[in-house]
Each structure stands twice: as C-alpha cells, then as structure tokens.
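Worksheet: the structure to be examined is printed underneath.
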Amino acid sequence: MTNRLTAAIVLLSSGLDSALALKMALQSGWTVSRALTFDYGQRPAMQETKQAALIASHLGVRHQVMSLG
C-alpha cells in the first residue's frame, strides 16, 4: 500500500516562481489548502501581500498572511 499525500500549503510571495509553483501544484492534482505569504517587515510587504492575494483568488485558493515581524 502506498501512502501518497494529496494536500499541500504553498508558499506564495507574489513572484513568478511561487505563482507558477501554485499553478503547477493545482494542475498536478494537489489539493492546496491555502497559499501562505510571509510578512517579515520587508519594505514592499503591502504590495506583495496584495498581489499574492489576487493570485490566490484568481486560482481559487484561500490566502493567508503570516506576520513574522
């Protein structure tokens, strides 16, 4: 018997790489329970989290921001 995970949390920074990783996870059959963005006090945090939320919404995934700072 093979145990295969089918659910994931995807880290989403709003950049091209993480947006593509989210899209590929969905296309590969993963159930993405949320897209997680970290706010660690970076200067463009507000814009990055806004864009990440738009990407997640467009792909039908719940978005969550975790503040680290």
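The values are calculated or read from the model by the stated rules, or taken from the named source; none is laboratory data. Since the structure is predicted, the reported quantities are computational estimates derived from the model, not experimental observations. Cβ coordinates were reconstructed from backbone atoms using ideal geometry, including for glycine residues, and neighbour counts include every protein chain displayed. Accessible surface areas use protein heavy atoms only, side chains included; no ligands, DNA or RNA. Shrake-Rupley method; radii C 1.70, N 1.55, O 1.52, S 1.80 Å.
Output the number of residues of region 39-65 satisfying the condition of being farther than 23 Å from T6 by Cβ, at pLDDT 95 or above and assigned to a strand (DSSP E or B).
Qualifying residue count for the region: 1.
Evaluate region 51-65: report whether one residue or more is open to solvent by 60 Å² or more (accessible area, probe 1.4 Å) and touching a strand residue (DSSP E or B) at 6+ places or on another chain (Cβ under 6 Å).
From region 51-65, those open to solvent by 60 Å² or more (accessible area, probe 1.4 Å) are 51, 54, 57-58, 60, 62, 65; that's our starting set.
Retained after the next criterion (residues that are touching a strand residue (DSSP E or B) at 6+ places or on another chain (Cβ under 6 Å)): 62, 65.
For region 51-65, residues open to solvent by 60 Å² or more (accessible area, probe 1.4 Å) and touching a strand residue (DSSP E or B) at 6+ places or on another chain (Cβ under 6 Å): present.
So which of L11, L26, L20 is among the hydrophobic types (A, V, I, L, M, F, W, C), open to solvent by 80 Å² or more (accessible area, probe 1.4 Å) and touching a strand residue (DSSP E or B) at 6+ places or on another chain (Cβ under 7 Å)?
The match here is L11.
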